[in-house]
1. For the stretch 372-403, how many residues meet the condition of being exposed (fewer than 13 other Cβ atoms within 10 Å of the Cβ) and closer than 20 Å to LEU319 by Cα?
2. How many of the residues making up the stretch 136-165 are at pLDDT below 95 and either of a type in the set (A, V, I, L, M, F, W, C) or outside the structural domain of PHE261 (by TED's automatic domain parsing) (or both)?
3. Does GLY112 satisfy being of a type outside the set (A, V, I, L, M, F, W, C), at pLDDT 90 or above and in the same structural domain as GLN149 (by TED's automatic domain parsing)?
4. Can you tell me which residue among GLY168, GLY219, GLY254, GLY185 is assigned to a loop (DSSP other than H, G, I, E, B), in the same structural domain as ASP324 (by TED's automatic domain parsing) and within 24 Å of THR445 (Cα to Cα)?
5. Let me spell it out: the conditions are (1) without any contact (Cβ under 8 Å) to a residue 40 or more places away in the chain; (2) over 21 Å from GLU209 (Cβ atoms); (3) of a type in the set (A, V, I, L, M, F, W, C), and MET137 meets all of them except one. Which number is the exception?
6. Checking the conditions here, which among GLY199, GLY233 is without any contact (Cβ under 8 Å) to a residue 12 or more places away in the chain and either over 23 Å from the mean Cα position of the chain (by Cα) or outside any loop (DSSP other than H, G, I, E, B) (or both)?
7. Return the pairs, sorted by first residue and then second, in which the second residue is assigned to a loop (DSSP other than H, G, I, E, B), the first residue lies in the stretch 150-176 and is touching a residue at least 60 places away in the same chain (Cβ under 8 Å), the beta carbons are less than 7 Å apart, and the residues are 6+ apart or on different chains.
8. Out of everything in the stretch 250-293 that is out of contact with any Lys or Arg (no Cβ under 8 Å at 6 or more places or on another chain) and among the hydroxyl-bearing types (Ser, Thr, Tyr), what residue ends up being modelled with the lowest pLDDT?
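The values are calculated or read from the model by the stated rules, or taken from the named source; none is laboratory data. Treat the numbers as computed from the prediction; the structure is a model and nothing was measured. Here the Cβ is made from the backbone with ideal geometry for all residues, glycine too, and neighbour counts use every protein chain on show.
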Amino acid sequence: MDFNICRYLQTLLIIGLVFWSCEEEQELSKDCAGNINGNSIEDNCGVCDSDTTNDCIEDCAGIWGGDNICGCTDSTSYNYDSNATFDDGSCNTSIIMTTFIKNVEPENRCSGSIDAKQTTDGGYIIAGCNDGSAWLMKTDPYGEKEWEQTYNMDDWWGNRAVIQTSDGGYLFAGWEGVLKTDANGTMEWEKRGVLGNTGKHPYYEDAMEHSNGNFYLVGGGPVIDPNNTGKEGQAIMVKMSPSGSVLKTKFYGGQCPDDIFRKIIESNDGKLLIVGEKSHGESPYPCSFNFRYWKDIWVVKTGTNGVVKWEKTYGGDFLEKGMDIVSANQEGYVVLGQKCKHNRNLSNCDSQTKVVILDIDEEGNELDETRLPGLYHFEAGTEMALENTHSGGYVFATYPFGNKDIWLYKWGEGEETMDLKIFLDDGIAAQSIHRTNDNGFIISTLGCIIIKTDSNLSF
């Protein structure tokens with residue numbers, strides 16, 4: 001045989017053997033579990049199996065198979081997350097977290113009733129009176145005074161309300177009238193009395209700025225409609241322009257005295273929703289002498305010019321009062337009030353008055369009612385205030401019966417129910433409670449005390 005042919009055949013034989021060897025090795029390959037031709041795969045955590053649904057994943061800290069919870073771990077930050085185990089850099093320190101309790105009586109020299117709200121710069125605006133006149137004080141985020149102003153408007157009696165307006169100024173409403181200031185507290189305009197009768201006071205209880213840019217004020221009680229003097233005491237709603245022009249004055253109520261609007265909010269559909277109390281008298285005496293003990297919770301929905309869309313009363317034969325109202329997460333409303341089933345023995349109210357919480361739908365139909373015993377009784381109405389929490393729940397502040405000074409109650413979706421009755425060195429009850437930008441609350445009390453809490457009502 002030719003030598004070259006032998007070499008050629010030998011080379012072919014070697015190539016064939018190599019190919020056969022590689023094919024055999026490929027056919028005998030094993031997976032991570034050692035199974036020949038198996039389909040198990042080792043994941044990033046070193047776990048070998050054939051189930052791809054349980055492959056480990058990378059947590060928010062970049063650790064495969066880790067269980068870190070990412071968030072803000074700085075307890076001084078607005079968005080601190082107590083459950084977070086890894087700081088993801090999201091901490092927001094632009095919002096100041098504070099708690100405090102302040103006595104503003106040295107400045108507010110004539111009234112135990114004050115209102116306080118947070119301002120856009122993180123401070124607070126407080127409404128009260130000084131030597132019988134309307135008074136405002138602006139504070140920093142820690143409750144320290146920045147400025148105060150006293151105005152030539154009588155305000156030594158009744159409640160008062162203040163809001164910061166969209167132009168950065170302030171609107172003060174009290175029993176004699178309303179005044180508007182700039183951001184530094186300098187008065188821009190005022191309106192006293194009732195349209196058509198400036199000598200009569202409106203006894204304002206609350207004020208708001210609507211999304212349409214106009215102001216709405218409500219109150220009443222000893223207010224008489226100049227066009228219907230046969231009705232003894234009416235609730236009132238006044239619509240005003242940003243420049244102070246009275247655009248509409250409307251009166252509401254029945255024949256009996258002391259119908260009062262307590263709070264007004266913009267409804268979920270951009271109209272107006274007002275809560276208060278309406279006298280019904282003691283049957284068969286429709287306007288009884290002790291009219292303050294014969295009332296119903298009263299909710300009225302109107303258009304932006306005060307035309308009634310619907311109105312409802314809630315209660316029985318004796319005493320109920322509506323004191324505040326908030327939106328129920330854009331699906332109906334929550335109403336806060338008080339109830340005393342005195343059975344014609346008026347002194348029973350001293351120990352039997354209860355908190356009433358009503359859930360109503362967009363048409364005012366009652367969905368649920370909760371009653372909590374232990375509310376202190378004032379004949380003119382125990383101060384009560386209601387607010388939404390940041391997580392979708394609610395909180396009220398009021399005055400408990402017994403030896404405590406303030407009652408804070410939190411409940412609802414996303415909230416652990418809290419029922420706190422607290423002793424204060426100064427101050428009682430609560431005229432207002434408003435949520436602050438750190439998800440805490442600012443509370444104003446009778447006795448000239450303002451309280452800033454955190455989201456868990458600590459201070």
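1. 3
2. Looking only at that region, the number is 3.
3. Considered against the rule, which asks whether it is of a type outside the set (A, V, I, L, M, F, W, C), at pLDDT 90 or above and in the same structural domain as GLN149 (by TED's automatic domain parsing), GLY112 comes out as no.
4. Criteria check complete, one pass: GLY185.
5. Here MET137 clears every test but (2).
6. Details: GLY233 fails: without any contact (Cβ under 8 Å) to a residue 12 or more places away in the chain.
Just one listed residue meets the conditions, GLY199.
7. Short answer, once both residue conditions are applied: ASN159/SER113.
8. SER288
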